[in-house]
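Inspection log for the structure reproduced underneath, given as structure tokens.
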Amino acid sequence: MYPQPGNRVFRDQLVTLADLQEFKEDLLLSINAIIQVNSPQPVKKWLKSYEVKKLLNISTGTLQNLRANGSLPYSKMGGLIYYDADEINRVMIGQKSGLQSGPLSTHPKYTSRKKP
């Protein structure tokens with residue numbers, strides 16, 4: 001269906017319905033592939049401790065300290081601790097903007113960084 005390199009395409013060349021259908025299917029497949037590659041992963045509402053540690057790049061002890069001093073709100077259900085992803089984002093935004101009163105402002109890992 002597609003012209004080969006070196007072959008010329010003429011104005012009066014016939015395009016059949018089968019050619020159009022094949023083009024449509026190829027186009028839709030290409031669009032779907034682009035959408036799947038560029039679409040962000042769905043964000044979870046609640047994160048477990050290991051996910052928060054990985055996200056914030058902190059140790060288990062640091063996470064426990066953040067819970068204990070109230071910097072990071074959490075919920076405990078059935079022995080598992082869950083953190084609200086929105087709250088973690090708020091904490092991170094507070095730290096990025098350089099607020100001295102941010103929830104992680106007492107943690108040495110974050111206070112040793114230069115403020116913008």
Is there any pair with a first residue in region 49-73 that is closer than 20 Å to I93 by Cα and a second that is aromatic (F, W, Y) whose Cβ atoms are under 6 Å apart and which are 6 or more apart or on different chains, and what are they? V52/Y83; R67/Y74
Residue count, region 11-64, condition within 20 Å of L80 (Cα to Cα), among the hydroxyl-bearing types (S, T, Y) and not in a helix (DSSP H, G or I), comes to 1
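The numbers here are math on the coordinates, done by the rules we state, and not lab data. The model shown is predicted, which means the values in this text are computed figures rather than measured ones. Don't worry about glycine lacking a Cβ; one is built from the backbone with ideal geometry, like all the others, and counts go over all protein chains shown.
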